[in-house]
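Where a number appears in this text, it was derived from the coordinates with a stated rule and is not lab data. All of these numbers come straight from a predicted model, not from anything done at the bench. Reconstructed Cβ throughout: ideal geometry from the backbone, glycine too, with neighbour counts over all protein chains shown.
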């Protein structure tokens, strides 16, 4: 048998092995289940406060916009009435002067034309842009005050226009300074306004939230996951009931039905790749139960199952980075939801 024929046979055997593994490659099937609810503020305002007005002070360089448009888009409190006359609270946002400072950097660089190292020059740019958010009551008392932090990578950049003289560098910088100034300021403006909007929403607004939460089922050739699919239906029904503010006992019945399915499936959990409930699916069934307990407001069991999911994923033969990221995200969301309920003394 020739070497070529041997190599062909080895290739065919390898391919058949891969295909046989793939035939038993059970994996999770992620489903997006929609839920709507009112997000409670982290710093609820006094119950006497019903109205607000806002003032935005900034030099607008964003194209096709003005102060009123920006103010109406970013400076608002959901759940409160906006008033330009008498109001219970004032939202004041102040953007101070945007400044660009440059530092001359020298470095030995290779000059291709001269075939040797020569001294090169460029500017390191540091921007200063103070922005503040302040809420005051109608009697002038400060309710909330916070500086808005900018992205350091945005404020600190290199003007990498390598030159071999400072006069050439200044010429390039002066020619591009206005465009650089405008571009950096506009990026900072957009990010700061978005941060202000998010801060107002998270801390003070009663925000109507609709989100999609991932719930895991399973899929694989010659495998029956109808039980896990039935649990998805339970979760969909429970989330619909939460969205319509149905009775908690009815909601918990659906959530408990889903949990029962997952607990029963976990009895089959195995590290065998051919198992119906393999390591990846096991991880995500614990994750599922963490979500169900979250919406039953049983935060002890919610965190227990999320921690099991995280541990099981990290200790599996093939830890999943995407599962790790999703588990971490949900853990943070559960902690945030619990904190908001505690602030409002609902648990």
- prompt: So for the pair residue 321, residue 213, with labels modelled 7 Å out along Cα→Cβ, what separation do we get in nm?
  reply: 2.8
- prompt: Rg/Rh for segment 79-137: what does it come to with C-alpha atoms and Rh from Kirkwood?
  reply: 1.49
message: For a quick size check, give me the Cα extents of segment 82-184 along its three principal axes, largest first, whole Å.
response: 72, 21, 17
Interatomic Cα distance distribution for segment 102-240, bins of 10 angstrom, percent: 9, 21, 17, 15, 15, 14, 9, 1
- line: Here the equivalent ellipsoid of segment 239-324, derived from its Cα gyration tensor, has semi-axes (largest first, whole Å) of 27, 14, 10
query: Cα atoms only, segment 293-347: Rg and Dmax in Å?
result: 12.8, 43
statement: Rounded to whole angstroms and listed largest first, the alpha-carbon spread of segment 182-275 along its three principal axes comes to 60, 39, 18
message: Using a 7 Å offset from Cα along Cα-Cβ at residue 134, what residues in segment 75-94 end up with backbone N under 13 Å from the label point?
response: 90-94
message: For segment 57-104, place one equal point scatterer on every Cα, skip the solvent, and apply the Debye formula. What is log10 of I(q)/I(0) at q = 0.32 Å⁻¹?
response: -1.33
message: Looking at the chain as a GNM with Cα springs under 10 Å, which of 208, 160, 47 has the largest mean-square fluctuation?
response: 47
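Using only alpha-carbon positions, what ratio does the radius of gyration of segment 124-180 give when scaled by 2.2 N^0.38 Å? Could you put the intermediate results ahead of the total?
Details: Rg = 19.0 Å, N = 57, 2.2 N^0.38 = 10.2 Å.
Here the Cα radius of gyration is 1.85 times the empirical estimate.
Taking the convex hull of the alpha carbon atoms in segment 194-347, what volume per residue do you get, in Å³?
On the way: hull volume 19.3 nm³, N = 154.
Roughly 125 Å³ of hull volume per residue.
Sum -39500 (n - 2.57) across every DSSP H segment of at least 4 residues in the chain, then divide by the residue count to get the 222 nm mean residue ellipticity, nearest 500. Intermediate values should be presented prior to the final figure.
Numbers: 9 runs with 165 residues, N = 347.
Calculated from helices alone, the mean residue ellipticity at 222 nm is -16000 deg cm²/dmol.
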- line: Checked segment 225-264 with the C-alpha gyration tensor, a ≥ b ≥ c its square-rooted eigenvalues, rounded below a/c of 1.5, otherwise prolate if a/b is larger than b/c and oblate if not; verdict oblate
- prompt: Once label points are set 7 Å from the Cα along Cα→Cβ at both residue 172 and residue 114, what is their separation, rounded to one decimal in nm?
  reply: 1.5
task: Taking all pairs of distinct Cα atoms, average 1/r, flip it, and tell me the Kirkwood hydrodynamic radius of the chain in Å to one decimal place.
output: 25.6
query: For residue 90 and residue 270, what does the FRET efficiency come to when R0 = 56 Å and r is the distance between their Cβ atoms, rounded to the nearest 0.05?
result: 0.35
